[in-house]
Structures are given as structure tokens and as C-alpha cells.
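J.: There's a structure below that I have some questions on.
Read-outs: derived from the displayed coordinates by stated rules, not from any lab. Quick caveat: nothing in here was measured; it's all calculated off a predicted structure. Every residue, glycine among them, receives a Cβ derived from its backbone with ideal geometry; neighbour counts consider all protein chains shown.
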Amino acid sequence: MNADILKKTAKEMVAAGKGLLASDESSTTCKKRFDSVGVECTEENRRQYRQLQVMAPDLEKYVSGIILHDETIRQKNDVGENFAAVLAKRGVLPGIKVDAGLDDLALHPGEQVTKGLDGLRERLIEYKTFGAMFAKWRATYVVGQNLPSKAAIHANAHAMARYAAYCQEQTIVPIVEPEVLIDGEHSIEQCYEATVAAQKMLFEELKGQDVFLEGTILKASMVIAGKKAAKQSTPQEVAEWTIKCLKEAVPANLAGVVFLSGGQGDEQATANLDAMNKIGGTPWPLTFSYARAIQNPALKLWSEDTKGNVAKAQAALIYRAQMNSLAASGKYESDLETKRPY
Ligand code: 13P
């Protein structure tokens, strides 16, 4: 492990006005997204869609890194250059999702634990040869009556800490992602309770495995009412509850916090991040690591003409990245949406 490189990479990932683009959907998730717009989910279509993102003009102005999938890090653009190498040349950090998805947690119906520790060291060594500078591991929690359970929180936190240690052993910055799912009728208070418990346990376990926090990034879910809750949360509420949660659970020496969009609307995810940064005063930069909230309009445009609409789709992708870059500095205004190119 090289602590200086870990620290430098983590800092770059959350540099002022920049965030991450998550483009690491598994083929199953990718199929869901492609099905929703009527594109066939073949390996070649996935390659073309990923190429559109990796090659988007001006990407490096707003995006510090892209999280790739195992399939994507092995793919090349039309002129035979590896995607990871193209990104590195542009000054965008290549990252890799390394968890192996979710498994049902034994004795805990409805809850899941993330797989992927077996063979992880060897996979990380291989990803490094492709140029991966950081990695991601996602755990999920359902909010409900007596959920998430202590067992689910503990099992996932422990696995995430072991994953983070493997990453740092190879000088790869770990992103730890304890996602409290937005599905459900729960209130913002219930989301807060679940999120703070999951994050606290995660940092205990990270400490237990001697993980170097200055070289670690937290990918957090925002504290927000469930999608089906009677009372939906305003950006101000999301910002206040999320910052309260982070201040309670997250050590000040962590390198940074990035957020997932989790099924929020595109503009909602931007407005919520912006509200947090308008409050400010946290010891860590707060920025984005969105998949859907950056990709949605681009995917739709591309699906309408996968050959002819590449430039239009790229402009849409970059516009959302730019709006989120402004939100990462608390400088987003909803009026800007009238200027969008889609
Ligand atoms: P969403 O922003 O679509 O939630 O995806 C982020 C992500 O990487 C989930 O692991």
C-alpha cells in the first residue's frame, strides 16, 4: 500500500466542482435500463453506449472519474483503444465496481448481503493492469418494520471493510457504498435512523480492519423519505438530515463523500446535492457519483437513434454533469434547466 498515492487519488476524485459518473451497471441492470427505452442489450450495444460516455467532449471539466464494469474495463473504443486508457489520457480516473452483487442473507428474509470477497485480491491485481485507480462495493438496506436488522448492517459493514483493506493493499482507493434504498413508504426520520446506524457500523468495521480513511471515499445515500411516503422531502430537509447524519457517523479525516441518486429524479438529485453545499461547513467535500441522474436524458436520446444521436446524447450527459458540478459547489440554480440541450 502506498498511502501518498491513495491520498492523492482520493483527493482528485472529490476535487472542487467535480464528481464521479457511475457507469458500472451489471448486464442485468443494463438490460433493465435498455429495455425501458427499447434498445437490445447486446455486448456491442453496451460497448457503444459506454463509448458515448467515455468519449463525451468536455467530460473532464466536470467528472473526475468513471466507475466501470468488469465488461467495460476490458472493452475498446472504435479505434481500438482501451476505455480505461482513453480516460486516463483525458485526465479522468478509471474506477471499477468489484462486488459480485447481492445474496439473500441467511435467517433474514427480505435482507441481502453483498458477495465478492473470494478471489478479490487477484481481481484487483488484474484491474490494476488496466489502470484502475479506485474501486466500488455496494451494500443495500431495506427500511421497514425492524429493518434493517443489526445482522444485515454488521454482515455488510464487515464485508465492506475487508474489501476496502484488499483495495488499499493494491493502492486502489475503495469507495464504500452502504445504500439505504429509497423504495417504500418510510419517513425521512426512519431513513435517518437506518442510514446513521449503517454508516456508524461501517466506520467501526473500517477501523477494525485498519483501513486508511484519508484514502477512502464514502458513497452515501441521501437521507430522504421513501418514494411512496405520503410526505415527500424537500431539498432543504434532505440537506439538513443528510448533513446531520454524516456529522454523527463519519470521521472528519475521511477523504470525501459522494452520493448515489438512487432513483431520485434527475433535477431532484441535483437540487438536493446543491442544498447540502449551500449549507456547507462539513469537513469533507460532498459531491456526486450518479448513474441514472446523469445518464437518463442521454440514454433516452441515444435510444431514439443509436447511430445518429450520439453527439446529442453526449451533450445531454455533459449538461447533467455540469449541473451536478455546480451543485457540488452550491452554485446550481433551477433556472439553468431552461438552457438544457434536450
Ligand atoms: P444511481 O445514481 O443510479 O443510484 O447509481 C449509482 C450507483 O452506482 C449505485 O451503485
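J.: Could you calculate the FRET efficiency of Asp118 with Asp335 from 1/(1 + (r/R0)^6), where r is the beta carbon distance between them and R0 is 41 Å, rounded to 0.05?
T.: Plugging the Cβ-Cβ distance into 1/(1 + (r/R0)^6) gives 0.20.
J.: Obtain the radius of gyration and the Kirkwood radius of segment 261-342 from its C-alpha atoms and give Rg over Rh.
T.: My calculation of the ratio gives 1.02.
J.: For the pair Ala151 and Lys200, what calculated FRET efficiency results from E = 1/(1 + (r/R0)^6), where r is the Cβ-Cβ distance and R0 = 22 Å, to the nearest 0.05?
T.: After rounding, the FRET efficiency stands at 0.90.
J.: Now, a different point. Is the chain rounded, prolate or oblate when judged by the Cα gyration tensor, a ≥ b ≥ c being the square roots of its eigenvalues, rounded requiring a/c under 1.5 and prolate requiring a/b larger than b/c?
T.: In terms of gyration-tensor shape, rounded.
J.: Further question on the same structure: Of the beta bridges DSSP finds with both residues in the chain, what % are antiparallel, to the nearest 5?
T.: Given both bridge residues lie in the chain, the antiparallel proportion sits at roughly 15 percent.
J.: Then there's this: Taking 7 Å along the Cα-to-C-beta vector as the label spot, tell me the Asp78-Gln232 distance in nanometres, rounded to one decimal.
T.: That separation, rounded to one decimal, is 3.9 nm.
J.: What is the sum of charges, Lys and Arg at +1 and Asp and Glu at -1, for the other residues whose Cβ falls under 15 Å from the Cβ of Val310?
T.: Neighbour charge sum, excluding Val310 itself: +1.
J.: Next question, about the same structure. Calculate the spin-label point distance for Glu267 paired with Glu40, positioning each point 7 Å from the Cα along the beta-carbon direction, and give it in nanometres.
T.: 3.7
J.: Tell me what the chain gives for mean residue ellipticity at 222 nm when only DSSP H runs of n ≥ 4 count, each as -39,500 (n - 2.57), the sum divided by the residue total, rounded to 500 deg cm²/dmol.
T.: Per the formula, -15000 deg cm²/dmol.
J.: Is the shape of segment 223-267 rounded, prolate or oblate, going by the alpha carbon gyration tensor and its root eigenvalues a ≥ b ≥ c, with a/c under 1.5 for rounded and a/b larger than b/c for prolate?
T.: Here segment 223-267 falls in the prolate category.
J.: How far apart, in nm, are the 7 Å Cα→Cβ label points at Ala311 and Lys7?
T.: Those two pseudo-labels are separated by 4.6 nm.
J.: Please work out how much length the chain gains when fully extended from Asn253 to Ala85, using 0.36 nm per residue of separation minus the C-alpha to C-alpha distance, in nm with one decimal.
T.: So the extension gain works out to 57.4 nm.
J.: Please report how far the C-alpha centroid of segment 113-152 lies from that of segment 253-290, rounded to the nearest whole angstrom.
T.: 21
J.: Further question: For segment 76-138, what is the per residue volume of the convex hull drawn over the alpha-carbon atoms, in cubic angstrom? Numbers along the way, then the final one.
T.: Numbers: hull volume 6.3 nm³, N = 63.
Enclosed volume per residue, from the Cα hull, is 100 Å³.
J.: Given axes a ≥ b ≥ c from the Cα gyration tensor, I'd like to know whether segment 1-129 is rounded (a/c under 1.5), prolate (a/b larger than b/c) or oblate.
T.: Oblate, because a/c is 1.5 or more while a/b does not exceed b/c.
J.: Please report how far the C-alpha centroid of segment 299-323 lies from that of segment 23-50, rounded to the nearest whole angstrom.
T.: 15
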